[in-house]
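Everything below concerns the one structure shown next.
The values are calculated or read from the model by the stated rules, or taken from the named source; none is laboratory data. Note that the structure is predicted; figures quoted are calculated from it, not measured. Virtual Cβ from ideal backbone geometry, glycine too; neighbours counted across all protein chains shown.
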Amino acid sequence: MRSSERAQDLGEVFTPHSVVSSMLDMIPNAVANSAFKVLEPACGDGNFLVEILGRRLEEIDANFMSESQFGLSVIKCVSGLYGVDIDETNVSDCRERLQDCLSNFLATKTHPQSEALLQSAQAIIRTNVVVGDTINSPTEIVLIEYTPGEDGFFTRTHFFLEEPERDLFFVELPTLEPMHFLRVE
Ligand SMILES: C[S@@+](CC[C@H](N)C(=O)[O-])C[C@H]1O[C@@H](n2cnc3c(N)ncnc32)[C@H](O)[C@@H]1O
């Protein structure tokens with residue numbers, strides 16, 4: 001807990017690691033498989049997302065693969081994780097912890113494209129972990145779905161956390177170009 005004021009105002013009481021770990025142990029398949037997308041609607045500083053990312057990265061470690069398969073797998077781990085929090089400090093801390101988790105993992109590897117992977121991951125984390133009020137204005141929260149396609153490219157599609165009413169004032173979200181997994185901006 002950062003302060004009693006924040007606990008009162010934001011309900012900000014972070015879940016201890018042992019509890020996070022026990023809870024995630026109950027759903028091992030969904031946690032380990034990066035094809036399952038995860039949304040933390042009040043992510044705080046990222047206790048659940050960071051633990052899930054760490055476990056997903058460990059799965060990659062367990063398998064032998066080519067350099068590009070490895071890189072693609074890393075980006076898939078990151079791109080399936082979403083977090084929203086009403087507080088900017090929490091969002092910023094959550095992003096930083098996810099990046100550190102990946103950076104520490106890559107530091108144990110000798111992958112030639114670690115730096116490019118980190119930069120792509122950073123860009124994805126910026127769009128996947130965002131400030132928003134999931135209770136009162138989910139229709140204002142816009143995220144991006146990254147879908148792996150051909151030759152290391154991901155298609156990118158905006159989506160609302162909750163679909164807004166498509167009335168006269170509704171403005172379509174812009175279409176995004178596909179991005180190569182080593183060059184996400
Ligand atoms: C009990 S903490 C849990 C944080 C994290 N999920 C964890 O388990 O460590 C609740 C979090 O919800 C956030 N929060 C409170 N109201 C919110 C809202 N309406 N929309 C999004 N986040 C909210 C707070 O900023 C705080 O980080």
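Checking the structure you have, find out if any residue of segment 99-116 is within 16 Å of the ligand (Cβ to nearest atom), at pLDDT 95 or above and either assigned to a helix (DSSP H, G or I) or of a type in the set (A, V, I, L, M, F, W, C) (or both). So far as segment 99-116 goes, yes, one or more of its residues are within 16 Å of the ligand (Cβ to nearest atom), at pLDDT 95 or above and either assigned to a helix (DSSP H, G or I) or of a type in the set (A, V, I, L, M, F, W, C) (or both). Would you pick out the residues in segment 27-47 that are touching a Ser or Thr at 6+ places or on another chain (Cβ under 8 Å) and within 21 Å of Glu145 (Cβ to Cβ)? Ser34, Pro41, Ala42, listed by residue number.
Select from segment 127-142 the residues that are within 14 Å of the chain's Cα centre (by Cα) and either surrounded by fewer than 14 Cβ atoms within 10 Å (Cβ to Cβ) or within 16 Å of the ligand (Cβ to nearest atom) (or both) and list them in ascending order. Reasoning before the result, please.
Here is the first cut: in segment 127-142, the residues within 14 Å of the chain's Cα centre (by Cα) are 127-131, 142.
The answer is Asn128, Val129, Val130, Val131, Val142.
When segment 1-50 is limited to residues that are touching an Asp or Glu at 6+ places or on another chain (Cβ under 7 Å) and more than 10 Å from the ligand (Cβ to nearest atom), the one that is farthest from Leu72 (Cα to Cα) turns out to be Ser21. For segment 51-80: of the residues being under 25 Å from Ile141 (Cβ atoms) and surrounded by 20 or more Cβ atoms within 10 Å (Cβ to Cβ), which is farthest from the ligand (Cβ to nearest atom)? Once the filter is applied, the top-ranked residue is Ile75. Taken over segment 143-181, residues that are more than 21 Å from the chain's Cα centre (by Cα) and surrounded by 13 or more Cβ atoms within 10 Å (Cβ to Cβ) amount to 1.
From the list Phe48, Phe14, Phe36, exactly one residue is over 21 Å from Thr127 (Cα atoms), surrounded by 13 or more Cβ atoms within 10 Å (Cβ to Cβ) and without any contact (Cβ under 8 Å) to a residue 60 or more places away in the chain. Which is it? Spell out the reasoning first.
Values: Phe48 fails: over 21 Å from Thr127 (Cα atoms); Phe36 fails: over 21 Å from Thr127 (Cα atoms).
None of the other options fit; the residue is Phe14.
Close Cβ contacts (under 9 Å, 6 or more residues apart or on different chains) running from residues in segment 52-73 that are more than 21 Å from Val20 (Cβ to Cβ) and of a type in the set (Ser, Thr, Tyr) to residues that are surrounded by fewer than 12 Cβ atoms within 10 Å (Cβ to Cβ) and modelled with pLDDT under 90 comprise Ser73/Asn63; Ser73/Met65.
Take Glu177 and decide whether it is closer than 20 Å to Val84 by Cβ and not in a strand (DSSP E or B).
Working: closer than 20 Å to Val84 by Cβ: no; not in a strand (DSSP E or B): yes.
No.
Would a scan of segment 33-56 turn up a residue that is at pLDDT 95 or above, within 20 Å of Gly152 (Cα to Cα) and in a helix (DSSP H, G or I)? Yes.
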